[in-house]
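What follows is a short report on a single structure.
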Amino acid sequence: MYRECSNQHGKKVDRLDTIYIGYDPREHLAVEVLTDSIKRHASRPLNIVTLNQKALRRSGLYRRGPHINSTCWGSEPSSDMIDEFDGRPFSTEFSFSRFLVPFLNQYEGFALFMDCDMYFRSDPCEVFDQYADEDRPALSCVQHEYEGGGGIQRKLYGCPQTSYSRKNWSSVMLWNCSHEAHQNLTVDDVSTKPGNWLHNFRWIEDKDIGKLPEKWNWLDGHSDESIEPANVHFTTGGPWFSKEAGLGYDCWKPHRPGKDELYAKEWLELSQNLG
């Protein structure tokens, strides 16, 4: 149930494996479905933590400057949120706060970060059991070749689908929180460095970035349909924007027939059977 790891004093401690989920108030149902899928499939208890930007700001851990039209400064989220440091658009409240994970985990053990627009189809404990070893790299992820955004121009609430190197690598990250490479990352970096520096893991040497199989971050509209996904990631929007979800939207359909449609139906069934 517990994983033995070393704390900053070199003492052995037992910790539950932790999954951090990026939280955006507009995506609350998606967070609920992902959380429910973790509980349904996990073979043992896991610690589940949502990264709530307002709470992180109040605690002093996140101080990134005011964003144009950002939720955190009193206005509703919009489709044109722009980061003040690099002038590029971003689409969620956890676009940058995800990089606080090693600090939140006190540089101990392993932690998995996930965007909220996903759901598990198999046991999430397997990713820890197979890849959480102290000899592992500083960070492991599915290393997609997805820089063009899959041909989609807009996503989420009309936010632009931007192109950048290592796109979607940071959407699922298995952090080796005690790895020495993370000594090169600070809380101030998370609040001040350009998004490209953070999402390209510039504080880590390439040799210390490990690979996860694509089944752990299977992208709708992109990943090979022959892969049986352990975790499905809706990168083109998501079923919660479909008419069937009952949230007042009717602006999303599966990008491809076949598996994309199947996984959208599975997500909708999960959303209708919560709690």
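The values are calculated or read from the model by the stated rules, or taken from the named source; none is laboratory data. All values derive from a computational prediction rather than experimental measurement. Methodologically, a virtual Cβ is constructed for each residue, glycine included, from the backbone with ideal geometry; neighbour enumeration extends over all protein chains shown.
What to note about this one:
Conditions (1) in contact with a strand residue (DSSP E or B) (Cβ under 9 Å, 6 or more places away or on another chain); (2) without any contact (Cβ under 8 Å) to a residue 12 or more places away in the chain; (3) within 26 Å of Leu34 (Cα to Cα), marked per residue:
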{"residue": "Asn168", "(1), (2), (3)": "yes, no, yes"}
{"residue": "Ser178", "(1), (2), (3)": "yes, no, no"}
{"residue": "Ala181", "(1), (2), (3)": "yes, no, no"}
{"residue": "Thr186", "(1), (2), (3)": "no, yes, no"}
{"residue": "Ser191", "(1), (2), (3)": "no, no, no"}
{"residue": "Pro194", "(1), (2), (3)": "no, no, no"}
{"residue": "Leu198", "(1), (2), (3)": "no, no, yes"}
{"residue": "Phe201", "(1), (2), (3)": "yes, no, yes"}
{"residue": "Ile204", "(1), (2), (3)": "yes, no, no"}
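- Contact map, region 1-15: residues that are more than 17 Å from Pro102 (Cβ to Cβ) paired with residues that are modelled with pLDDT of 90 or more and surrounded by fewer than 10 Cβ atoms within 10 Å (Cβ to Cβ), Cβ distance under 8 Å, separation 6+ or inter-chain. Pairs shown: Glu4/Lys12.
- Residue within region 122-131 that is crowded, with 21+ Cβ neighbours inside 10 Å, on the phi < 0 side of the Ramachandran plot, of a type in the set (A, V, I, L, M, F, W, C) and modelled with pLDDT of 95 or more present: yes
- For Leu268: the one exception among (1) outside any helix (DSSP H, G or I); (2) surrounded by 16 or more Cβ atoms within 10 Å (Cβ to Cβ): (1)
- Residues (of a type in the set (A, V, I, L, M, F, W, C), under 14 Å from Leu34 (Cβ atoms) and outside any loop (DSSP other than H, G, I, E, B)) located in region 108-126: Leu112, Phe113, Met114, Met118, Phe120
- Qualifying residue in region 211-223 (condition: hydroxyl-bearing (Ser, Thr, Tyr) and either farther than 30 Å from Gln106 by Cβ or touching a Phe, Trp or Tyr at 6+ places or on another chain (Cβ under 6 Å) (or both)): yes
- Which numbered condition Phe241 misses (of (1) out of contact with any helix residue (DSSP H, G or I) (no Cβ under 8 Å at 6 or more places or on another chain); (2) surrounded by fewer than 19 Cβ atoms within 10 Å (Cβ to Cβ); (3) of a type in the set (Phe, Trp, Tyr)): (2)
- Among the candidates His222, His233, His255, residue that is in contact (Cβ under 8 Å) with a residue 60 or more places away in the chain, within 19 Å of the chain's Cα centre (by Cα), more than 22 Å from Phe96 (Cβ to Cβ) and surrounded by 14 or more Cβ atoms within 10 Å (Cβ to Cβ): His222
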